[in-house]
Amino acid sequence: MNFRDYIIEAQKEKWAIGQFNISNLETLKAIVAAAQKLKSPIIIGTSENESKFLGLEETVALISAVRKKSGLPIILNLDHGKTLDYIKEAVSLGYDAVHFDGSKLSLAENIDITKKVVEFAYRKKVLVEGEVGIIFGSSELHEEKIEVKKEDLTDPEKALKFINETKVDTLAVNVGTFHGLETTGEKHVNIKRLKEIKNKVKNQFLVLHGGSGIPEKDIKEAVRGGIVKININTELRLAFTEGLKKSFSEDSKESVPYKYMPEVISGIQKVVEEKIKLFGSNNKIK
Ligand code: 13P
């Protein structure tokens, strides 16, 4: 089974595959341990910045090594690729999937560049995610409130036009969520808009970004409403940072990374396990 087979199954059976972002080996180890325990397919994401920090070649090599060792279906996706050049580099070096985020461009420009991404990626059998409707925020804690207004939500007509012209495999949509977590306030999925988009685009695979901090009820409804891929980053970053802070609490004299990191890893693993169960992707490996 490849990525496409899994999303077809997910659509049919109404569950979603998690994309978990990484910028270090410890987070990767935690995600893989959770996937192995729960027999779940997973997508590993790296944004442009995360992949620059880890190194594109190093990321591809790491994924290839853990895939071989674990026997798990692990897909490596470039998250929010901003330029055709960077996407081409990731594809050429061995990424399995790429997300081109042209959401800040005009629809015509977004379609134009996405078509070029699709043309390049398809030759290498790499899947492409497009984006219509800007998804605000960044994957961290926000002091300020992010307000997603009605006019920011993905327009179903525009989504359909984009899909018909670009032939992307998956589409990221703005249905009320944003990247990151607010210190005050909650995130919600606008189920009404999701259903309107789904009715328009029919069997197109839809992706939910900004997966951290969404109440369980909203995630379940989103999956029932046609979301087949959910991206999670902030909650993993927080688990990593909090775990590390705890291990460096005042009375700790520990200075050996391989001695204090296991606890940090198990904290992240716990978060990933919860998400996998919530998305319903456990026991889906065939
Ligand atoms: P969160 O940081 O809110 O989990 O969103 C992640 C994401 O959508 C990555 O593309």
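The values are calculated or read from the model by the stated rules, or taken from the named source; none is laboratory data. What you see is a predicted model, and the numbers here were worked out from it, not measured in a lab. Cβ placement follows ideal geometry from the backbone for every residue including glycine, while neighbour counts extend to all protein chains displayed.
A compact table of results
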| item | result |
| --- | --- |
| Residue list for the range 176-202, restricted to those being at pLDDT below 95 and over 20 Å from the mean Cα position of the chain (by Cα) | THR183, THR184, GLY185 |
| When residues of the range 211-244 are limited to those that are more than 8 Å from the ligand (Cβ to nearest atom) and small (Gly, Ala, Ser), the one surrounded by the most Cβ atoms within 10 Å (Cβ to Cβ) | ALA222 |
| The range 113-154, residues that are under 17 Å from ILE230 (Cα atoms) and β-branched (Val, Ile, Thr) | VAL128, VAL132, ILE134, ILE135, THR154 |
| Residues of the range 176-212 satisfying the condition of being touching a Gly at 6+ places or on another chain (Cβ under 8 Å), in a loop (DSSP other than H, G, I, E, B) and not hydroxyl-bearing (Ser, Thr, Tyr) | PHE178, GLU186, LYS187, HIS188, VAL189, ASN190, GLY210, GLY211 |
| Boolean, LEU54 is surrounded by fewer than 21 Cβ atoms within 10 Å (Cβ to Cβ) and more than 18 Å from ASN231 (Cβ to Cβ) | no |
| Residue check for SER47: under 28 Å from THR241 (Cα atoms) and within 16 Å of the ligand (Cβ to nearest atom) | yes |
| Residue within the range 184-203 that is among the hydroxyl-bearing types (Ser, Thr, Tyr) and in contact (Cβ under 8 Å) with a residue 40 or more places away in the chain present | no |
